[in-house]
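Inspection log for the structure reproduced underneath, given as structure tokens.
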Amino acid sequence: MKFRSGSLGRLCGAMCALSMTVAGAQDLDEVLIVTSRLRDTPADVLPASVTVLPERTIIDAGLQHFEDVMALVPNLNWSAGTARPRYFQLRGIGELDQYQGAPNPSVGFLIDDIDFSGVAMPATTFDVEQIEVLRGPQGTAYGANALAGVVSVRTRDAQPGFELGGEATAGDYGTWGAGGVIGGAIDATGRIALRLVAQHYASDGFRRNAFLGRDDTNGYDENTLRARARWTPADALELGLTAMLVDIDDGYDAFSIDNSRVTQTDHPGVDRQRSVAGALHATYRGFTPFELRGITTWADSKIGYGFDGDWGNDAGWGIYAPYDYTSHYARRRRTASQDLRFVSTHDADRGGRSGWIAGAYALELREDNDQRDASSGVDFRELASNYRATNLALYGEMNWRAGARTVLSLGARAERRDARYRDVEALAGESSAFAPADTMWGGHASLTFEPGKGRTWYVTLSRGYKAGGFNIGSAVPADRREFDPESLWNLETGVAWRAADGRWSMRSSFFYMRRESQQVATSQQLVPGDPLSYVFYTDNAARGRNYGLEASAEWAVASRLDLAATLGLLESAYLGYRTGDPLRDAALDGREQAHAPQYQYSLALRYRDPGGLFARVDLQGVDDFYFDTSHDERSRPYRVVNLRAGYARGRWSAAVFARNLFDARYAMRGFHFGVEPPDFPARRYVQLADGRLLGVTIDYHFR
């Protein structure tokens, strides 16, 4: 690998010796099961790069949201511009934003198999059992929404045993939260079980609006309601039901002219999402050679997003006032999907000679998006759009045991996507319409070899794909309105090793990916003095290249002390790409891709005493990276330390926590454009991450 001078050197002192499976704090001899593949598979024998975060890790290393534990996943990054993460990058691949509204995600995001790709704000972590991150194209299992990989959140299922629990959190910056769970059998036979969960979390956030004299304009207000039921009406039939309501009403007042956490906006923004969703899982085992599985899901999300476009106020602009811009988006996204899957009863991974899976998948997505831009309270741009897309796919997978220690797996998927889009720009009297259709294919070929107990080596060649699309709004240049599908070839090899005595385990993988017709998010400011003329759109680069390493390890240093570590190394480049922008026509051939840091690492030390004392310290670090393709501004490398310590006794526990203990100041999103009158010079503006948060959590669980 060729890393920038100094990048690897800064890291090697602490991490280069790491060839060190699962990041977390579960018992080291426990083998976690990956449930987000076509068939449940132990993580140690999975022929793919995967990170599994179990419940204990999510509790000890997190607080409220998936955002809190993302740093434990090698080569996973996210682009801010929102209150909570929506836009993810795996191995440097993924969207940076989606102001234009037409959904076309590269990273799939599922909650209990419900598709929240591109709208992942409901990923609160109270009563979550496991989070799985599969890196690399998942063309066989997920198709068009998983070019770079998949994040799958699994909440706790209903069980017959009675359970009652509660949690309360309090901290500085007006932080407080409370949650409760109750579950168990609701009939004498135990065939019907129910689990109910409710949680609320609130915080003033880490910004102070000096103009309005408020501390809550970038705060959090998040509510989660969830019900899960399991019913076994017959020995051969099992049904599972998930229903959820997640209501997030966060503020969005994140940017300031001086790049500080003190804002001057007179119209602070919002970032709201209210999602109602459900899933029905059905498994029928009445056929001897196979099982029949069905997954039916639906979701309805209403999203409100807005911000102060000039990041200031007329009093502050003085003689240059009135200078007042605001932008608001109202989105409604509805999805319905059906997956019907035939799974052979025997499988090569379970000692059989062979196994197979065959399935069909359908997804309907509808999204309406209304955008209103105003200057001094008067609308000057109103764009109303509606989007419909239907995905139909057939897929299959075959596994053969070629020898006592060798398994070969082949999978393929064919998918057709038909979309329809129409918009009307009311004030300009303009409209546009598109009806793209793409037929795509993907798949994989994997060879797994087990040289001994607890050791696995694999090599995988996979192909992923992503549909083409279009960019919304008349401000987008005519020759950039549409873009082509993208495909990705991925070759990777990896090894997993678990000690016979269970004291240590490790997993590492090397990958090389080649992207064709690479889709690139870019932007430009069309009119100096109008901050809302900063348009975002997707373009096709010629090609792209991404390669690197992902590794994780755990070691029981002593009976009470565990060490966990992860490492992600990444080299990325555009190949043959020229932006073609009228204001910045730049050749980016060989330049790193946006939001693709060359290294990411985490170190976690966990102590747990039989007498009840426990503690966990996390150190997480990220290299610098380019913010975008439209400019050459970069973030700065950063390190964050998190701490949690407490005492557990019987059914009770209490813990103090410190998030970002040393109050590291680092940027999660950056722009380069002109917003300050009178000359509007192009400058760097960044959204800083949250600061230090101190608090306490008290927990009670009866099981």
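General observations
- Count - residues of the range 359-418 that are under 30 Å from Ala48 (Cβ atoms) and of a type in the set (S, T, N, Q): 5
- Exclusive hit being closer than 30 Å to Ile303 by Cα and either among the small types (Gly, Ala, Ser) or not in a strand (DSSP E or B) (or both), set Ala404, Ala389: Ala389
- The range 65-114, residues that are basic (Lys, Arg) and buried (at least 23 other Cβ atoms within 10 Å of the Cβ): Arg86, Arg91
- Test: residue in the range 334-348 that is closer than 30 Å to Asp40 by Cβ, outside any strand (DSSP E or B) and basic (Lys, Arg): no
For (1) within 22 Å of Ala71 (Cβ to Cβ); (2) of a type in the set (A, V, I, L, M, F, W, C); (3) crowded, with 23+ Cβ neighbours inside 10 Å; (4) touching an Asp or Glu at 6+ places or on another chain (Cβ under 6 Å), each residue gets a yes or a no:
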residue	(1), (2), (3), (4)
Ser117	yes, no, yes, no
Ala120	yes, yes, yes, no
Leu134	yes, yes, yes, no
Val150	yes, yes, yes, no
Val153	yes, yes, yes, no
Asp157	no, no, no, no
Glu163	no, no, no, no
Gly166	no, no, no, no
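- The range 146-169 residues that are within 15 Å of Phe702 (Cα to Cα) and modelled with pLDDT of 95 or more, paired with ones that are part of a strand (DSSP E or B) and aromatic (Phe, Trp, Tyr) (beta carbon under 7 Å, 6 or more apart): Glu163/Phe702; Leu164/Phe702; Gly165/Tyr700; Gly165/Phe702; Gly166/Tyr700
- Filter result for the condition that a residue is out of contact with any helix residue (DSSP H, G or I) (no Cβ under 8 Å at 6 or more places or on another chain) and closer than 21 Å to Met513 by Cα, over Gly165, Gly136: Gly136
- Test: residue in the range 37-60 that is among the aliphatic types (A, V, I, L, M), at pLDDT below 60, surrounded by fewer than 19 Cβ atoms within 10 Å (Cβ to Cβ) and not in a loop (DSSP other than H, G, I, E, B): no
- Test: residue in the range 181-188 that is modelled with pLDDT of 95 or more, of a type outside the set (Ser, Thr, Tyr) and closer than 22 Å to Thr297 by Cβ: yes
- Inspection of the range 310-326 identifies no residue that is touching a Lys or Arg at 6+ places or on another chain (Cβ under 7 Å), more than 25 Å from Arg37 (Cα to Cα) and of a type outside the set (A, V, I, L, M, F, W, C).
Listed here are the residues, each with its yes/no results for (1) under 20 Å from Gly269 (Cα atoms); (2) hydroxyl-bearing (Ser, Thr, Tyr).
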{"position": "Phe657", "(1), (2)": "no, no"}
{"position": "Tyr666", "(1), (2)": "no, yes"}
{"position": "Phe671", "(1), (2)": "yes, no"}
{"position": "Glu676", "(1), (2)": "yes, no"}
{"position": "Phe680", "(1), (2)": "no, no"}
{"position": "Arg684", "(1), (2)": "no, no"}
{"position": "Ala689", "(1), (2)": "yes, no"}
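- The residues of the range 269-292 that are under 30 Å from Asn209 (Cα atoms) and not hydrophobic (A, V, I, L, M, F, W, C), listed by number, are Gly269, Asp271, Arg272, Gln273, Arg274, Ser275.
- Residue match in the range 365-375 (condition: closer than 30 Å to Phe255 by Cα and either more than 31 Å from the chain's Cα centre (by Cα) or not in a strand (DSSP E or B) (or both)): yes
- Residue tally, condition of a type outside the set (A, V, I, L, M, F, W, C) and not in a strand (DSSP E or B), over the range 172-192: 7
The values are calculated or read from the model by the stated rules, or taken from the named source; none is laboratory data. This structure is a prediction, so every number in the text was calculated from the model and none was measured. Here the Cβ is made from the backbone with ideal geometry for all residues, glycine too, and neighbour counts use every protein chain on show.
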